[in-house]
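Bear in mind these aren't lab numbers, they're just calculated from the coordinates by the rules spelled out. Just so it is clear, the model here is predicted, and its values are computed rather than measured. Using ideal geometry, Cβ is built from the backbone for each residue, glycine included, and neighbour counts are taken over all protein chains shown.
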Amino acid sequence: MLLGLRHPDSVFAPSTWHALAGHCEQESAITCLIRESREEAGLHIEPRTSSSSTSSTTSTMPGTGPA
């Protein structure tokens with residue numbers, strides 16, 4: 001997992017760590033990952049010729065997380 005530190009002057013949750021995230025537009029998951037990485041963290045990822053990708057979303061409800 002890659003975390004980013006929000007700028008101290010950020011309107012939303014300044015000076016806090018956050019998971020980089022975004023929304024896929026009308027694009028493949030790989031294209032979305034590359035674009036969001038560039039937009040959110042300034043990372044430049046080179047696409048590779050691959051036909052497989054995995055994406056997942058995890059949510060923990062109160063009281064259902066690890067003990």
List the pairs whose first member sits in region 1-22 and is without any contact (Cβ under 8 Å) to a residue 60 or more places away in the chain and farther than 11 Å from Ala41 by Cα, whose second member is small (Gly, Ala, Ser) and loosely packed, with under 10 Cβ neighbours inside 10 Å, and whose Cβ atoms are under 9 Å apart, counting only residues at least 6 apart or on separate chains?
Met1/Ala19
Matching residues in region 1-16 - criterion: being charged (D, E, K, R) and surrounded by 10 or more Cβ atoms within 10 Å (Cβ to Cβ):
Arg6
